[in-house]
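The values are calculated or read from the model by the stated rules, or taken from the named source; none is laboratory data. Treat the numbers as computed from the prediction; the structure is a model and nothing was measured. Here the Cβ is made from the backbone with ideal geometry for all residues, glycine too, and neighbour counts use every protein chain on show.
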Amino acid sequence: MRKFILWTLFTLCCSSAFAGEVQGRLQVQKHIHDLLAQGNYAELDRIYQHDNTDKVRTSNGEYALDVEFYAGLSFNQKNAKPNSKTWSQDEKAFKKWMIQSPTSAAPQIAYAELLDHHALSYLGKGDLRHATEEYWHLYHDYVNHAQQYLTSTQALADTDPHWYVVALKVADDEEMNWADNATLFFKATNKYPAYDHIYMVGIPRLMQSSEAKGVLDNLVHTGVVMNSSPWDRLPGEIMYARIYSAIEAQPKYQGTSFFYETLADWYRMKIGLDAILSQYPDDWNTAHYAYLSCTALDQAKTAELFKRVKGYSKENWPSFKFYKACASFASQRLSPALQEKWNTYEDAAKANLDKLRSSPAYILETHESDAMHNTYNEYLQALMTNQ
């Protein structure tokens with residue numbers, strides 16, 4: 001039974017929000033788009049200023065500016081066909097908004113995003129190989145238009161992090177070379193180090209490097225450095241957990257072991273995840289943490305979190321089989337030998353992190369010691385062979 005559970009844990013992975021979280025977010029997005037359709041630009045500006053200036057977060061800690069406000073402005077664009085009236089209707093609304101509020105960044109950034117979304121609508125099955133020659137040219141026309149518009153509105157990046165989110169999307173769609181894309185990404189993270197959606201959009205492109213594992217770990221540590229201070233390391237540890245969680249969500253890691261394919265340090269991720277869950281104790285965060293604990297094969301933490309997981313939800317787990325496997329893993333007790341191996345790993349990890357923290361530049365160094373790496377692998381090997 002244990003081998004079946006392990007096979008399941010190593011071959012399945014992904015997560016999404018609980019139905020309640022999703023439904024609430026969709027309602028907010030629809031409200032935003034209704035305001036746009038009604039031409040209530042004053043109210044949109046009020047919400048925009050609140051979300052952007054106050055850095056409002058949703059119940060699970062994501063920035064409302066990205067997942068509610070801008071997602072609401074593009075609410076009808078997601079599944080719109082290339083010739084849908086949605087494009088002209090939204091474009092007309094954004095341009096009216098620009099006239100009424102010429103100093104507002106929101107309608108200008110939303111318009112740039114509309115151009116990129118319209119370009120993507122010309123992709124057949126999500127790939128230019130499936131597009132007709134006409135659609136291929138139209139795709140590039142819209143992407144180029146979006147890039148030119150972003151260039152003309154670059155000053156907006158000084159006040160709104162979503163400009164960089166859109167710019168990174170467009171850079172990927174126009175197949176900007178890797179070095180220039182990386183330059184844009186690091187410029188964005190230097191300006192807005194805590195805005196995690198920049199990492200979520202920029203990471204997939206950076207993962208195309210042949211040295212992806214090392215590149216990703218370097219960018220994670222860059223994020224940690226920019227969010228840490230000598231008197232408060234915790235924001236950096238939270239960013240470490242957020243960025244690696246974003247990396248784990250990428251399709252590249254679906255069906256593989258995230259902790260084998262990256263340099264993610266599970267012990268360190270737990271520090272940040274504990275802090276996130278303490279600040280944002282909603283159902284989505286609880287289940288996502290349980291999911292990550294399960295894929296890390298941390299039986300004790302999985303068991304602790306499953307006491308708070310409110311049952312199976314198809315919106316949160318990739319399959320009922322996966323959920324059952326994790327629930328079964330959570331309910332088991334490790335043998336004394338296995339528990340000792342896990343404790344050895346955690347002791348090595350803690351000692352390594354304490355050592356690195358003694359230096360102001362600790363996050364620029366390798367975070368995973370040989371002892372820590374070896375003891376974790378010993379635990380996994382023992383678990384897989386049921387020792």
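One line per residue, one yes/no per condition, for (1) polar (S, T, N, Q); (2) at pLDDT below 80; (3) within 21 Å of Cys294 (Cα to Cα):
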position	(1), (2), (3)
Ser210	yes, yes, no
Leu216	no, yes, no
Pro230	no, yes, no
Ile238	no, no, yes
Ile247	no, no, yes
Pro251	no, yes, yes
Thr256	yes, yes, yes
Thr262	yes, no, yes
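Go through the residues of region 46-60 one by one and say whether even a single one is under 18 Å from the mean Cα position of the chain (by Cα) and either among the β-branched types (Val, Ile, Thr) or part of a helix (DSSP H, G or I) (or both). Among the residues of region 46-60, at least one is under 18 Å from the mean Cα position of the chain (by Cα) and either among the β-branched types (Val, Ile, Thr) or part of a helix (DSSP H, G or I) (or both), which makes the answer yes. Of the numbered conditions (1) in contact with a His (Cβ under 6 Å, 6 or more places away or on another chain); (2) outside any helix (DSSP H, G or I), Ser104 fails exactly one; give the number of that condition. Going through the list (1) in contact with a His (Cβ under 6 Å, 6 or more places away or on another chain); (2) outside any helix (DSSP H, G or I), Ser104 breaks only (1).
Hey, does region 76-89 have a residue that's exposed (fewer than 15 other Cβ atoms within 10 Å of the Cβ), in contact with a helix residue (DSSP H, G or I) (Cβ under 9 Å, 6 or more places away or on another chain) and of a type in the set (D, E, K, R)? The answer is yes; a qualifying residue exists.
Taken together, Asn181, Asn190 contain a single residue that is surrounded by fewer than 17 Cβ atoms within 10 Å (Cβ to Cβ), over 14 Å from the mean Cα position of the chain (by Cα) and either without any contact (Cβ under 8 Å) to a residue 12 or more places away in the chain or in a helix (DSSP H, G or I) (or both), which is Asn190.
Which one is nearest to the chain's Cα centre (by Cα), of the residues in region 319-347 that are surrounded by 14 or more Cβ atoms within 10 Å (Cβ to Cβ), hydrophobic (A, V, I, L, M, F, W, C) and modelled with pLDDT of 80 or more? Per the criteria, the residue is Cys326. Does Leu156 meet the test of being outside any loop (DSSP other than H, G, I, E, B), out of contact with any Lys or Arg (no Cβ under 9 Å at 6 or more places or on another chain) and closer than 21 Å to Ala71 by Cα? When the stated conditions are applied, Leu156 passes them. Screening the candidates Ser228, Ser152 for the property of being over 19 Å from Ile243 (Cα atoms) and hydroxyl-bearing (Ser, Thr, Tyr) yields one hit, Ser152. Selection of region 228-237 for residues being surrounded by fewer than 23 Cβ atoms within 10 Å (Cβ to Cβ) and in a helix (DSSP H, G or I) yields Leu234, Pro235, Gly236. Tyr289 satisfies every condition listed in (1) at pLDDT 80 or above; (2) within 25 Å of Asn374 (Cβ to Cβ) except (2). No other residue among Lys252, Lys270 is surrounded by fewer than 20 Cβ atoms within 10 Å (Cβ to Cβ) and over 18 Å from Pro193 (Cβ atoms) apart from Lys252. Determine whether Ala171 is small (Gly, Ala, Ser), over 24 Å from Asp51 (Cβ atoms) and in a helix (DSSP H, G or I). Answer is yes for this residue. Among what's in region 275-315 and is of a type in the set (Val, Ile, Thr) and touching a residue at least 60 places away in the same chain (Cβ under 8 Å), pick the residue that is nearest to Glu248 (Cα to Cα). Step by step, filter region 275-315, then rank; the result is Thr295.
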